[in-house]
1. What do you get for trypsin sites (Lys or Arg not before Pro) in the stretch 51-140 restricted to DSSP loop and a cutoff of at most 10 other Cβ within 10 Å of the site's Cβ?
2. Lysine pairs in the chain 8 or more apart or on different chains: how many have alpha carbons under 19 angstrom apart?
3. At 0.36 nm per residue, minus the direct Cα-Cα distance, what do Ser102 and His140 gain on full extension? Give it in nm, one decimal, please.
4. Based on the alpha-carbon gyration tensor of the stretch 45-118 and its eigenvalue square roots a ≥ b ≥ c, which shape applies: rounded if a/c is under 1.5, prolate if not and a/b is larger than b/c, or oblate?
5. Determine the dipole magnitude for the chain: charges of +1 sit on the beta-carbon of Lys and Arg, -1 on that of Asp and Glu, nothing else is charged, the reference point is the Cα centre, and the result goes in debye to the nearest 20.
6. Ignoring everything except DSSP H segments at least 4 long, calculate the 222 nm mean residue ellipticity for the chain; use -39,500 (n - 2.57) per segment, divide by total residues, nearest 500.
7. What whole-number value in cubic angstrom gives the convex hull volume per residue for the C-alpha atoms of the chain?
8. In the Gaussian network model of the chain, springs joining C-alpha atoms below 10 Å, which of Ile33, Ile12, Ile48 carries the largest mean-square fluctuation?
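Please treat every number below as a calculation from the coordinates, not as lab data. Note that the structure is a prediction, hence the values are computed from the model and not measured. Virtual Cβ from ideal backbone geometry, glycine too; neighbours counted across all protein chains shown.
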Amino acid sequence: MSRQKFGIQFSIAARLWRRHLDQRLAQAGIKDISWAPLLHLDEFGDGISQKDLAASVGMEGSTLVRLLDTLEQKGQVERQADSHDRRAKRIYLTDAGREQVSALRAELLQIETEMLADVSDEQIDVMLEVLDGLITKFKH
């Protein structure tokens, strides 16, 4: 019976988690969804393609382009032509972008610490193992 509930419970939890993060980040002055591309860019390193960044963040390319326009205007990212394919763009964090990522990570750590206060380290390890397995399966 648990397997039949997993997908629904997982979807509800993911949606509520994201909503809570967005609300808390908005309270901290981060009022748009630009935080996700910044964190993914920091995670994967400078020079990731727009296409790969969009796939990583889980958004349409056109939506990401608009977000990158905003982040570029804020001086947090820089787009450069790919040396092998001039049509493609590579994305780089600027110093201002790295500062924003640092502030984001500090805020996220505080939020996640509060949200997971009643969950043991062992439970988190098990959940991460399951999630990592699912992510690997979905990528193939």
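1. Taking the stretch 51-140 and a limit of 10 other Cβ atoms within 10 Å, the loop trypsin sites (Lys or Arg not before Pro) found are Arg86, Arg87.
2. 4
3. Extra length from Ser102 to His140 when fully extended: 10.5 nm.
4. Working: a/c = 2.56, a/b = 1.89, b/c = 1.36.
It is prolate, given that a/c is not under 1.5 and a/b is the larger ratio.
5. For this selection, approximately 720 debye.
6. My calculation for the chain gives -23000 deg cm²/dmol from helical runs alone.
7. 136 Å³
8. Ile12
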